[in-house]
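The structure appears right after this line, and notes come after that.
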Amino acid sequence: MTRSYIQFLGLVVATSLFFSCEDGTTVFNDINRFKNEPVGTAENIRMVYTDSLKIKAVLTAPKHVDYTNLSFQYAEFPEGLNVVFYDENNNENTLTADYGILYTATKIIDLQGHVVLASHNGSVLTTTQMYWDAASEWLFTEKPFKFKDTDYDIAAVRLDTNKEFTNFQTGNLTGTIAVSEQASPTVE
């Protein structure tokens, strides 16, 4: 065999290896492209959450996008959501947001846009972002918020509270808070 024939043969082998790798890469890229796609999309959904045959919450949303096929699983509500929560006395409390994302592993819901929590007793909390820890039923935000009920009319940045707002911490407050005085015990 001549040297030019061996070089030609080497060039043919290298070229065919190059093209076969390129084809394999294209197939591999096509497979991976679908990994980042949602496993499903649903429109006009209604999800009912129950515990011991009792309805705890009803979630409705115009669109639900399910990414539970990814290693970091989540579900997205890109067009907003509305949740009606029922307490132990079957009172309705509502939550609405322009956007929501539920992180499956942590059970934390990130609510964004015009977020409004309204309770059956008339209290209302508004903010631009709120995190809801569904497992511990805890709410928190680092964004400015407003809260109003019969005893409070406050605005602040940062909120960390239980769902009943009986145990909460905030940043600097502005507004009014109703305080009741108790008589000092008399010393005899």
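The values are calculated or read from the model by the stated rules, or taken from the named source; none is laboratory data. Note that this is a predicted model, so its numbers are computed, not measured. Counting neighbours? That spans all protein chains shown, and the Cβs are built from the backbone with ideal geometry, glycine included.
Going through the stretch 17-62 one residue at a time, which ones are in contact with a strand residue (DSSP E or B) (Cβ under 6 Å, 6 or more places away or on another chain), modelled with pLDDT of 85 or more and either among the charged types (D, E, K, R) or over 23 Å from residue 102 (Cα atoms) (or both)? Selection gives 43, 46. When the stretch 135-161 is filtered for residues that are at pLDDT below 85 and either in contact with a strand residue (DSSP E or B) (Cβ under 6 Å, 6 or more places away or on another chain) or at positive phi (or both), the ones remaining, listed by number, are 137, 152, 161. Just one of the listed residues (59, 102) is under 16 Å from the mean Cα position of the chain (by Cα), closer than 22 Å to residue 120 by Cβ and not polar (S, T, N, Q), namely 59. Within the bounds of the stretch 63-83, is there any residue that is surrounded by fewer than 15 Cβ atoms within 10 Å (Cβ to Cβ), modelled with pLDDT of 90 or more and part of a strand (DSSP E or B)? Scanning the stretch 63-83 turns up no residue that is surrounded by fewer than 15 Cβ atoms within 10 Å (Cβ to Cβ), modelled with pLDDT of 90 or more and part of a strand (DSSP E or B). Of all residues in the stretch 108-121, which are at pLDDT below 90 and surrounded by fewer than 15 Cβ atoms within 10 Å (Cβ to Cβ)? 120, 121, listed by residue number.
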